[in-house]
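Derivation of every value follows stated rules applied to the coordinates shown; laboratory data play no part. Because the structure is a prediction, the values reported are computed rather than measured. With ideal geometry, Cβ positions are generated from the backbone for all residues, glycine too; neighbour counts draw on all protein chains shown.
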Amino acid sequence: MHKIDVILGLQWGDEGKGKIVDYLANGYDIVARFQGGPNAGHTLKFGGNKYVLHTVPSGIFRENLINLIGNGVVLDPVVFQRELRSLEQSDVQFHSRLLISRKAHLILPTHRWLDAASEAHKGKLKIGSTLKGIGPTYMDKTGRNGLRVGDVELSVFREQYESLKTKHMELLKIYPAVPFDLQAEEKAWFESLDTLRSLPFVDGEYYINDALAAGKKILAEGAQGSMLDIDFGTYPFVTSSNTVTAGVCTGLGIAPQRVGRVIGITKAYCTRVGGGPFPTEQDNETGDQLRREGQEFGSTTGRPRRCGWIDLPQLRYTIMLNGVTDICMTKIDVLNFFTEIKAATHYRFGGREHLNLPFDLCHVDIEPVFKSYRGWNASLDSATTFESLPDETRTYLHDLEKYLGVPVKMISTGPEREKLIVC
Ligand code: GDP
Ligand code: IMO
Ligand code: MG
């Protein structure tokens, strides 16, 4: 039976999914995004250029490869149009090979307005949302009010739009007023629908299952990370979709037994952007150094990312949730000149040590128990195989593998496409 391989983030997002999907895409016929929306920012670097994708799957730069935006994605046609324009400027031919599932939900201008108003209402307890309208759009999806990509082909589309907008205007009354130029935003939104309509819409679930039956090789690309999953993340400081492997089934329309390799990506340390618990955070000089060396600023919002050490209880948890078969470790080069590197092996709370995460990380005072490793104090630029890595790097990786119980199969040593060691 043909299966779909999966790439997803094991932490709080920004693990380097875009780079790895782009690298591996050459071995596949189709790359399919299964959840999230323009809250994602996936960075690719090659040929001296840098590209950031938000809605478009990271296989788009590989010639002839089909890229599918699955039904689990929420799509803002304005952001999407902007992305397509920049692809055109880079001479990327995408018209016949960028497909959109009719069942993907649309982000309306008023969803973004609601997002901003809801965050303003939360004040100090705000999620730190990217304000792309993600939460309100998924709320309308599960609340059975949403508009879908396929609806733009219907004659009643405008009516549906007006009806949903009216609901949103009512809802906005419960929130503090936040500035929003609805007229201008609506104009841009309706104009951008022409670009959306110029691409092929598909019944994604049939498309993907037919492709599997025809022996096509498919890679599913996740957005965000497992700790931002709506069910299993650090709720309520999460996004609004299932970012774990299970989301591939509902976000593309495939059966669980169709899932093949699950490649879980983790940085060699840890970051988070926005609010919420982060047990291994280093709000100190170490964190500043990680941010500096790793250039840890958001790809979508430009916000500085919070930085800390790698968290093994957290990774064991997300490896379990996702059924990870292979680990890909990115940004190991960021640690090149640290004299001491740390990894949290346990949590201490309630007077005991724990391997498992507590029910709610927000209300437990967690003290991570760290293990120390000697740094390698060398550039990894010339390392092309696992064996050519410095002894200290190999010790660090082997030890993490032991704690995690899954092999590290890829090691990324720089942002560029070719900076990858495949073990
Ligand atoms: P994504 O959301 O998971 O695709 O990750 P982002 O693109 O938001 O953030 C990852 C950042 O790290 C980007 O700026 C990448 O160019 C960069 N990056 C990816 N892999 C590596 C690596 O191995 N080393 C370094 N130094 N940077 C990397
Ligand atoms: P990629 O795919 C990192 C975070 C936001 C916020 C929370 C909710 O690039 O890894 P939302 O906009 O979904 O309402 O925000 O989730 N967040 C991300 N953090 N990487 C992302 O995507 C993220 N997408 C959302 O910062 O804390
Ligand atoms: Mg990102």
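At a glance:
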read-out: At R0 = 51 Å, FRET efficiency that the Cβ-Cβ distance of residue 387 and residue 360 yields, to 0.05; value: 0.70
read-out: Cβ-derived FRET efficiency at R0 22 Å, residue 96 paired with residue 213, nearest 0.05; value: 0.55
read-out: Potential lengthening between residue 64 and residue 2 on full extension [0.36 nm per residue; Cα-Cα distance subtracted]; value: 20.3 nm
read-out: Within region 355-415: Cβ-based charge dipole about Cα centre, in debye rounded to nearest 20 (Lys, Arg +1; Asp, Glu -1); value: 160 debye
read-out: Region 253-382: antiparallel DSSP beta bridges as a percent of all, rounded to 5; value: 70 percent
read-out: Longest DSSP-loop-exposure-free segment, GluC sites (Glu not before Pro), the chain, at most 16 other Cβ within 10 Å; value: 64-386
read-out: Where trypsin sites (Lys or Arg not before Pro) in DSSP loops with at most 13 other Cβ within 10 Å are excluded, longest remaining stretch of the chain; value: 174-423
read-out: Shape category assigned to region 177-251 from the gyration tensor of Cα positions, a/c cut at 1.5; value: oblate
read-out: Pairs from 19/419; 3/216; 124/331; 17/409; 267/409 whose Cα-Cα separation, in the structure shown, is over 20 Å; value: 124/331
read-out: Three-way shape label, region 252-361, alpha-carbon gyration tensor, a/c 1.5; value: oblate
read-out: Average Cα contact separation per residue, the chain, under 8 Å, 6 or more apart, as relative contact order %; value: 21 percent
read-out: Whether region 188-229 is rounded, prolate or oblate, judged on the alpha carbon gyration tensor where a/c under 1.5 counts as rounded; value: oblate
read-out: Sites residue 337 and residue 166 - FRET efficiency at Förster radius 41 Å, r taken between beta-carbons, to 0.05; value: 0.10
read-out: Histogram of C-alpha separations across region 293-338, 5 Å bin width, %; value: 5, 14, 20, 22, 20, 16, 3
read-out: For the chain, share of DSSP beta bridges that run antiparallel, in % to the nearest 5; value: 40 percent
read-out: Helical contribution to [θ] at 222 nm, DSSP H n ≥ 4, -39,500 (n - 2.57), averaged over the chain, rounded to 500; value: -9500 deg cm²/dmol
read-out: Positive-pole candidate from 196, 313, 243, dipole of region 166-320, charges at beta carbon; value: 313
read-out: Region 368-393 and region 258-322: distance between their alpha carbon centers, rounded to Å; value: 19 Å
